[in-house]
Amino acid sequence: MVKLADGPTDDPATTGSSRQLSRRTAFKAAATVIAAGLAGRPGMATAAPTVPAVQDRRRAVVIGTGFGGGVTAARLGRAGIDTLVLERGIRWTVGPGTDTFPHYTHPDRRAAWLSPEPVFTGSPPTRWKPFTGILDRVRGQGIDILCGAGVGGGSLVYGGTTIQPNERLFTMSMPSGLDFDAFDREYYPRVARVLKPSGIPDDILNTPQYKGSRIWADAIRAAGMQPWRVPLPVDWDYVRKELRGELPPSFSNGDILYGANSPGKNTVDKTYIAEAENSGHVEVAILHAVRDIARTADGAWRVFVDEITTDGDVRTRKEITTDALFLGAGSAGTSRLLVKAHAKGLIPDLPEDVGTRWGNNGDRIFSWTTSGESPGAEQGGPASVAVADWDNPQGPITLINGNVPFPVDIRTTSLIGFGIGTPAGRFVYDNDIDDAVLHWSQGDDAAVTAAIQARLQNIVGAGSVLLDTNTLDTTTYHPLGGAAIGSVCDTAGRVLGQKGLYVMDGALIPGYSGACNPSMTIAALAEHNMDTILKEDTI
Ligand code: FAE
């Protein structure tokens, strides 16, 4: 009998003889039926009393398909290394006129990861049967994390802001030992060549749908600052088609918070994951949620996986053994797996700092009710105009408009700020729920919040009303840290003292990515890591 929650077993079928298994015979091997009282993951339906358990051996395994996991899979595929990628969510395929993603003003069960209700701040209240939907809310003490779930990870729901910090901001917040010049010269441009970000063109910015962006740009200018067109991974011709009525609105009415129904967004599934799968060396297994990771007696890595249905029920339990395990489950996912493994003794001698040095990138979301012109009800997106207030004496910040569709015009839009604070959050294992829970205090970010609030008030003027929505519902879109370079990993993402275990995602960055949105830095870091790993390590 195999009980997956018990961690490593010394089953010879997964350590020696099955090393030769080919990809094609995967999961056909060694099916064992187990009868177990299986503890359910929070938010996941309980497993059936008996589910089959399957064992498998792979050369390399990647967990997660966001920026870190996507780049890793593409690089492994390009290097000809047979790789299994495990993704808990589903594929979200978009074409002209498809209704793949739910809608912000009337969300349905596709909107949330195994939750009976919407998880976004301000969503209309409704109930539904839980589904493996697009947005996960990871509940913590003091703050909740919002992150994407599905092939493409956070890129499916992200606004697409693709910016890199300058040398001073990079040095202020990124771990020492990373060479900014190499990132500036090689890794950031590499990411830009794949995601193809560009600023909003004049002909689109000047349409009625983008009035909110223009009002925000005018306010920035009136405050004596320079508005900046945010680089976005968008093919603007699709937006033009929406504006001409040839495609249903998606970008042009700002209905993209649950994913863009326009094919014009260059998400990770369409870029890095597509490259990985096209290599012929990478297999992506969807609806595969990793429950635990462990080190075997002979130093290999074992991954305990629940294959689930879209209702969240466990169909199959799998134990997959590999010599090279790449964690790309995002800051929340990777940190929780490592902290669980540490607390349960599944990986002996993990660095004591696993789960620490976590921060929210200084995220603060304000609603702005204007005293002058109204941005209108439908507000074109993605977030197109920013101000890089990086020499602010209170600390560097970036401020961006975040257009949200409203059912009626209430003269309101949203503004988002980021900065650099103290990465003092940490994940702590809770035995009752067999999960690690984030602990965070508002005080860690007080100075950043004050800087954002003061500058925003200065830009929007005394007559406008600014409401800090994070005081009502404290969440972040930008979780960073938990397996930071320096304390848990080396500068290539290798977990210290654990040969063949790698962290490749936002967990590597201690809390703040240079007062910039983090996705570009995460992807650049994964490229940087893979250059070293493929050169120096045997996989
Ligand atoms: P991420 O992209 O979150 O990928 C993790 C993947 O692992 C996901 O596909 C998960 O489903 C999967 N996973 C997690 N746990 C498991 C498990 N146990 N088993 C199997 N699979 C698992 O990680 N960033 C920007 O730079 N610009 C923006 O404009 C922006 N807008 C955002 C808007 C929203 C609403 C949100 C939520 C985020 C936004 N972000 C933005 C943040 C950005 O999405 C985030 O920093 C990156 O996606 C993080 O990349 P990672 O590779 O760390």
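A few points about this structure:
- Search result, residues across segment 124-173 that are part of a loop (DSSP other than H, G, I, E, B), near the ligand (Cβ under 8 Å from one of its atoms), in contact with a Lys or Arg (Cβ under 9 Å, 6 or more places away or on another chain) and of a type in the set (Gly, Ala, Ser): Ala149, Gly150, Gly152, Gly160
- Within segment 85-120, the residues that satisfy the criterion of being part of a loop (DSSP other than H, G, I, E, B) and in contact with a His (Cβ under 7 Å, 6 or more places away or on another chain) are Glu87, Arg88.
- Complete set of residues in segment 331-369 that are farther than 30 Å from Lys265 by Cα, surrounded by fewer than 23 Cβ atoms within 10 Å (Cβ to Cβ) and in contact with a Ser or Thr (Cβ under 6 Å, 6 or more places away or on another chain): Asp353
- Which listed residue is within 16 Å of the ligand (Cβ to nearest atom) and touching a residue at least 12 places away in the same chain (Cβ under 8 Å), from Gly461, Gly486, Gly482, Gly497: Gly482
- Test: residue in segment 351-369 that is more than 28 Å from Asp445 (Cα to Cα) and more than 15 Å from the ligand (Cβ to nearest atom): no
- Scanning segment 237-254 for residues that are in a helix (DSSP H, G or I) and surrounded by fewer than 17 Cβ atoms within 10 Å (Cβ to Cβ) yields a total of 1.
- Residues satisfying the stated conditions in segment 174-202, i.e. among the β-branched types (Val, Ile, Thr) and either touching a Lys or Arg at 6+ places or on another chain (Cβ under 9 Å) or crowded, with 24+ Cβ neighbours inside 10 Å (or both): Val191, Ile200
- Residue in segment 515-522 that is modelled with pLDDT of 95 or more, closer than 23 Å to Arg336 by Cα, hydroxyl-bearing (Ser, Thr, Tyr) and not in a helix (DSSP H, G or I) present: no
- Reported count of residues in segment 203-236, each being over 26 Å from Ile397 (Cα atoms) and either surrounded by fewer than 18 Cβ atoms within 10 Å (Cβ to Cβ) or hydroxyl-bearing (Ser, Thr, Tyr) (or both), is 6.
- Contact map, segment 107-118: residues that are under 16 Å from Val157 (Cα atoms) paired with residues that are of a type in the set (Phe, Trp, Tyr) and part of a strand (DSSP E or B), Cβ distance under 8 Å, separation 6+ or inter-chain. Pairs shown: Arg109/Phe131; Arg110/Phe131; Ala112/Phe131.
- Applying the set (1) farther than 27 Å from Gln442 by Cβ; (2) at pLDDT below 95; (3) not β-branched (Val, Ile, Thr) to Pro116 leaves exactly one unmet item: (2).
- In segment 260-273, the residues that are more than 12 Å from the ligand (Cβ to nearest atom) and either within 30 Å of Asp389 (Cα to Cα) or part of a strand (DSSP E or B) (or both): Gly264, Asn266
- If the condition is being in a strand (DSSP E or B), in contact with a Leu (Cβ under 9 Å, 6 or more places away or on another chain) and within 16 Å of the ligand (Cβ to nearest atom), then segment 48-84 contributes Asp56, Arg58, Ala60, Val61, Val62, Ile63, Thr83.
- Within segment 512-535, the set of residues being of a type outside the set (A, V, I, L, M, F, W, C) and either more than 16 Å from the ligand (Cβ to nearest atom) or in contact with a Lys or Arg (Cβ under 6 Å, 6 or more places away or on another chain) (or both) comprises Glu527, Asp531, Thr532, Lys535.
- Some residue of segment 87-101 being within 15 Å of the ligand (Cβ to nearest atom) and among the aliphatic types (A, V, I, L, M): yes
- Considering (1) touching a strand residue (DSSP E or B) at 6+ places or on another chain (Cβ under 7 Å); (2) among the hydrophobic types (A, V, I, L, M, F, W, C); (3) closer than 29 Å to Gly64 by Cβ, the lone condition that Leu195 does not fulfil carries the number (1).
- Among the numbered conditions (1) of a type in the set (Ser, Thr, Tyr); (2) farther than 21 Å from Thr369 by Cβ; (3) more than 23 Å from the chain's Cα centre (by Cα), the only one that Ser464 does not meet is (2).
- Only a single criterion out of (1) farther than 27 Å from Gln164 by Cβ; (2) not in a helix (DSSP H, G or I) is not satisfied by Leu257, namely (1).
- If you filter segment 455-507 down to residues that are of a type in the set (Val, Ile, Thr) and within 20 Å of Leu178 (Cα to Cα), you find that the one that is surrounded by the most Cβ atoms within 10 Å (Cβ to Cβ) is Val503.
- Wholly enclosed strands (runs of 3 or more DSSP E) of segment 274-326 bearing at least 3 residues under 24 Å from the mean Cα position of the chain (by Cα), in contact (Cβ under 8 Å) with a residue 40 or more places away in the chain and within 11 Å of the ligand (Cβ to nearest atom): 288-295, 301-308
- Qualifying residue in segment 60-75 (condition: surrounded by fewer than 17 Cβ atoms within 10 Å (Cβ to Cβ) and modelled with pLDDT of 50 or more): no
The values are calculated or read from the model by the stated rules, or taken from the named source; none is laboratory data. This structure is a prediction, so every number in the text was calculated from the model and none was measured. Heads up, the Cβs are rebuilt from the backbone with ideal geometry, glycines too, and the neighbour counts pull from every protein chain shown.
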